[in-house]
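See structure below.
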Amino acid sequence: MVCLTTTTPSTAESHGNASRYVGATSPAQPELLAEVGLFADLTTAELVGLAKLMRPRAYARDEVIYLRGDAGTAFYVIASGRVKIALTSPDGKELILRRLGPGGFHGELALLDDEPRSADAVATDASVLLVLQRDAFRQFLAEHPGIANKLLGTVSQYLPRNAELIQDATFLDVPARLARILLELASEPGAVDLPPPGAIIRDRMKQGELASLVGAPRESINKWLGSFEKQGLISYDKGQITLLRPSGLKQRIY
């Protein structure tokens, strides 16, 4: 796991000094919640009830939402912007576990097991998150066991992914890890087939962010992106990555 970007210093969820509430008395919109897969089975009335419990809160780019070790006090749904869930070492090295966009959610694990936060959450763009406090979150799950089962299913998907990251860092070299990440970024969630030739990674990727995803120095990422481009596996232009030969990238993993 090697170096990456630097986030703003210790502003944690429990402090909230740098965060701003957007319309502190205004609830979230049920129409927005209806687009979150976790809530797809709720009725209109249930969505309205849930929306009344949540409050929008704005975060600036690179602002900390919470840090590993903080007490869990809330559950978050992303209304706009992007959030990364990451592990950071004492010397500032970072490994990104998940990247979340609108409709994504996080912060549930500490509320389910009463343990401290297991990772950092940082807004990577200016973002608005819908915040559901712990007591309201638990009451909502008690009244909607189907949602609780969905949530547990989602959480269970994190564990193999995190184990895979650790395994990759142990057994795969940097170009193999980079090839795997590029294929994942170009694939639809849950896809089992390779992305087609010409697939474009939708987000423009900075080399620092790729370094955090791969767990490698930025200099290594720059070197291997250039190598992949020379081999005709990808094209890379101002952060826009196109996969020219996904099958060739897969061969590089093994």
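Looking only at the stretch 196-254, which residues are among the hydroxyl-bearing types (Ser, Thr, Tyr) and either within 21 Å of residue 86 (Cα to Cα) or touching a residue at least 60 places away in the same chain (Cβ under 8 Å) (or both)? Working first, answer last.
Step one: list which residues in the stretch 196-254 are among the hydroxyl-bearing types (Ser, Thr, Tyr), which gives 212, 220, 227, 235-236, 242, 247, 254.
Hits for the stretch 196-254 are 212, 220, 254.
I'd like the residue in the stretch 36-54 that is in a loop (DSSP other than H, G, I, E, B) and modelled with pLDDT of 85 or more and, out of all such residues, is surrounded by the most Cβ atoms within 10 Å (Cβ to Cβ). Before you say what the answer is, go through the steps one by one.
Taking the stretch 36-54 first, the residues in a loop (DSSP other than H, G, I, E, B) are 36, 40-43, 54.
Now narrow it down to the ones that are modelled with pLDDT of 85 or more: 43, 54.
On the way: 43: 8, 54: 26.
Checking each candidate, the answer is 54.
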Which one is farthest from residue 195 (Cα to Cα) among residues in the stretch 214-254 that are at pLDDT below 90 and assigned to a loop (DSSP other than H, G, I, E, B)?
-> 217
Are any residues in the stretch 59-74 within 15 Å of residue 101 (Cα to Cα) and open to solvent by less than 20 Å² (accessible area, probe 1.4 Å), and if so, which ones?
-> 59, 65
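Tally up the residues in the stretch 97-148 that are in contact (Cβ under 8 Å) with a residue 24 or more places away in the chain, of a type outside the set (S, T, N, Q) and assigned to a strand (DSSP E or B), please. Before the answer, list the steps.
Initially, the stretch 97-148 is screened for residues in contact (Cβ under 8 Å) with a residue 24 or more places away in the chain, giving 97-99, 102-112, 114-134, 136-138, 140, 144, 146-147.
The next check asks that each one be of a type outside the set (S, T, N, Q); those that pass are 97-99, 102-112, 114-117, 119-123, 125-126, 128-132, 134, 136-138, 140, 144, 146-147.
Then keep just the ones that are assigned to a strand (DSSP E or B); that gives 97-99, 105-106, 120-123, 128-132.
Of the residues in that region, 14 qualify.
Hey, any hits in the stretch 16-23 for a residue that's assigned to a loop (DSSP other than H, G, I, E, B), at pLDDT 90 or above and at positive phi? Break it down into steps so the answer makes sense when it comes.
Within the stretch 16-23, the first condition is being assigned to a loop (DSSP other than H, G, I, E, B), and the residues that meet it are 16-19, 22-23.
Subsequent filtering for residues that are at pLDDT 90 or above retains none.
Looking for residues that are assigned to a loop (DSSP other than H, G, I, E, B), at pLDDT 90 or above and at positive phi, one finds none in the stretch 16-23, hence no.
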Which of the residues that make up the stretch 115-149 are in contact with a Phe, Trp or Tyr (Cβ under 8 Å, 6 or more places away or on another chain) and of a type in the set (Gly, Ala, Ser)?
-> 121, 123, 126, 127
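Please work out which residue is farthest from residue 133 (Cα to Cα), limiting yourself to the stretch 45-69 and to residues that are in contact with a Ser or Thr (Cβ under 6 Å, 6 or more places away or on another chain) and not β-branched (Val, Ile, Thr).
Step one: filter the stretch 45-69 for residues in contact with a Ser or Thr (Cβ under 6 Å, 6 or more places away or on another chain), giving 57, 59, 62-64.
Now restrict to residues that are not β-branched (Val, Ile, Thr): 57, 59, 62-63.
Details: 57: 12, 59: 17, 62: 23, 63: 20 Å.
It comes out as 62.
Could you check the stretch 215-239 and list, in sequence order, the residues that are open to solvent by 90 Å² or more (accessible area, probe 1.4 Å) and touching a Pro at 6+ places or on another chain (Cβ under 7 Å)?
Filtering the stretch 215-239 down to residues open to solvent by 90 Å² or more (accessible area, probe 1.4 Å) leaves 218-219, 223, 230-231, 237-238.
Matches in the stretch 215-239: none.
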Can you spot a residue in the stretch 82-89 that is assigned to a loop (DSSP other than H, G, I, E, B), out of contact with any helix residue (DSSP H, G or I) (no Cβ under 8 Å at 6 or more places or on another chain), over 23 Å from residue 29 (Cβ atoms) and modelled with pLDDT under 90?
-> yes
Return a yes/no flag: does the stretch 193-214 have any residue that is closer than 16 Å to residue 250 by Cβ, open to solvent by 40 Å² or more (accessible area, probe 1.4 Å) and aliphatic (A, V, I, L, M).
-> yes
For the stretch 2-13, state whether one or more residues are at pLDDT 85 or above, small (Gly, Ala, Ser) and open to solvent by 50 Å² or more (accessible area, probe 1.4 Å).
-> no
Find the residue count for the stretch 95-109, including only residues that are open to solvent by less than 10 Å² (accessible area, probe 1.4 Å), farther than 17 Å from residue 151 by Cα and of a type in the set (D, E, K, R).
-> 0
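The values are calculated or read from the model by the stated rules, or taken from the named source; none is laboratory data. Everything numeric here is computed off the predicted structure, so don't read it as measured data. Note that we place each Cβ from the backbone using ideal geometry, even for glycine, and neighbour counts take in every protein chain shown. What goes into the accessible areas is simple: the full protein's heavy atoms, side chains included, and nothing from ligands, DNA or RNA. Shrake-Rupley method; radii C 1.70, N 1.55, O 1.52, S 1.80 Å.
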